[in-house]
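Student: Sharing a structure with you now.
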Amino acid sequence: MPEIFPIPDLRIFSYGTTIAGGLLLWFIEGLIPWLSKEKHRTLHAKLNLSIAGINLLILLPSGILMAFMLDWSRNVWPGIGMLALHPFAKAIVIILLIDLWMYVWHRLNHEVAFLWRFHSVHHSDPALDVTTSWRFHYMEILISELLRLPLFMLMGAGIEHLLLYSLLMTPVIEFHHSNISIPPALDRLARLIIPSPIMHRLHHSTIRSEHDSNYGSMLSLWDRLFGSFLIRENLDSLCLGLDHESDTKKQQLFALLLRPFRP
Ligand SMILES: [Zn+2]
Ligand SMILES: [Zn+2]
C-alpha cells in the first residue's frame, strides 16, 4: 500500500503534467523554434500522436496490471523495503534505480539489433519536436513493459514510485525533444542535471557515432558515469533522423508500424 504518496493525486498530477507540458512546449515551439524549416507541424504531430494513441492501448491495461502485481509482490518480497529507510529516502533510491534501468534499456535498444528494429522508428523522425517524445513503436513499449515488471518487483517498487518517476521524467523527455531555441548557457546549465535539448538533438543525429550516445532519460549522470556523454555546441551541420527514411511514403503510419518487420 502507498506509504506517503496518495496514488489518485499522483495519477492526476502525472497525466496532467504530461498533457500541460506537451501543450506548453508546443506553443513555445511555435514562438521561438530552434529549426524554423519545419513547415508541416500539424501533419507531423498528427502522425506522432497516432503512433502514441496505439501505445495507449498497451499502456492503459499494463498500468492496471502493474499496479496489481506490484502491490501483491511487495507483500511477498519487500526489495528495498528490507532496508530501514525513511519512505522519502526509499522513494529516491527507487527513482534512481528506475532511471538507471531506463538508461540501460535505451542503450540496449541501440546495441541489440533486434531491439533497434523497433527503436529506430523513434529515430526515423526527420524532424524533432515535443511530439517525437511520444513516437515509439508499440513493440518497443510492449517489450519494455514485460521486462520492467519483474525488475520493479525485485526493487520493491510500488505504483506510487512509478507515477512519481513518470511525473518527474516526462517533462524532461518532452523538453529535450522540443524544437525550442535554447540559449547555449541555459543548455549547459540544464545538462548538469538532465539530458538537455542539445544532448538529445545529437542523439537524433543521422551519424551513428552521435546517435549512439546520450541515452539518459531523466538524469545526465548515467551518460557521464558510463562514458556515453557526447556534446558539440555547434549543431549547424546536424542532420536529424535516419538516412533514406525521410521521404513521405516512409513517414506514414502503416509504413512505420510495419517498418521493423521488413527484412
Ligand atoms: Zn535512442
Ligand atoms: Zn529521442
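Student: Can you give me the P(r) profile for region 7-261? Cα pairs, bins 10 angstrom wide beginning at 0, each as a whole percent.
Tutor: 7, 30, 37, 21, 5, 0
Student: So how compact is region 1-141: Cα radius of gyration and Dmax in angstrom?
Tutor: Gyration radius and largest Cα-Cα distance of region 1-141: 18.4, 55 Å.
Student: A further question on this structure: Using only alpha-carbon positions, what ratio does the radius of gyration of region 203-261 give when scaled by 2.2 N^0.38 Å?
Tutor: Numbers: Rg = 14.5 Å, N = 59, 2.2 N^0.38 = 10.4 Å.
Ratio of Cα Rg to 2.2 N^0.38 Å: 1.40.
Student: Cα-based Rg (one decimal) and Dmax (whole number) for region 26-72, in Å?
Tutor: 17.0, 51
Student: Shifting gears a bit: Could you give the length gained on full extension between V112 and L235, defined as 0.36 nm per residue of separation minus the Cα-Cα distance, in nm?
Tutor: 41.5 nm is the gain from fully extending V112 to L235.
Student: Within region 161-261, which GluC sites (Glu not before Pro) sit in a loop by DSSP and count at most 10 neighbouring Cβ atoms inside 10 Å?
Tutor: Details: sites: E174, E210, E233, E245; in loops: E233, E245.
Filter output for region 161-261: E233.
Student: Follow-up question, since we're still on this one. May I ask for the net charge around E233, where only other residues with Cβ less than 12 Å from the Cβ of E233 are counted and Lys, Arg are +1 while Asp, Glu are -1?
Tutor: +2
Student: Between the DSSP loop rule and a limit of at most 15 other Cβ atoms within 10 Å, which chymotrypsin sites (Phe, Trp or Tyr not before Pro) in region 201-263 are left?
Tutor: Hits after loop and neighbour filter: F226.
Student: Same structure again: Taking the simple approach of a point 7 Å from Cα along Cα-to-Cβ for both R41 and R208, what is their distance in nm?
Tutor: 3.6 nm
Student: How high is the FRET efficiency from R224 to A185, r the C-beta distance, R0 22 Å, rounded to 0.05?
Tutor: Efficiency computed from Cβ-Cβ geometry: 0.70.
Student: Mean Kyte-Doolittle of at least -1.0 and a Cα length of 15 Å or more along the axis: which whole DSSP H helices of the chain meet both?
Tutor: Length and hydropathy pass: 7-31, 41-76, 87-111, 138-155, 159-177.
Student: Sticking with the crude label model, points 7 Å out along Cα→Cβ, report the distance from F68 to S246 in nm, one decimal please.
Tutor: Roughly 4.6 nm, to one decimal.
Student: Relative contact order, percent, of the chain when contacts are C-alpha pairs under 8 Å separated by at least 6 residues?
Tutor: 28 percent
Computed from the coordinates by the stated procedures, all read-outs in this text should not be read as laboratory data. It should be emphasised that the depicted structure is a prediction, and the values quoted were computed from it without experimental measurement. Here the Cβ is made from the backbone with ideal geometry for all residues, glycine too, and neighbour counts use every protein chain on show.
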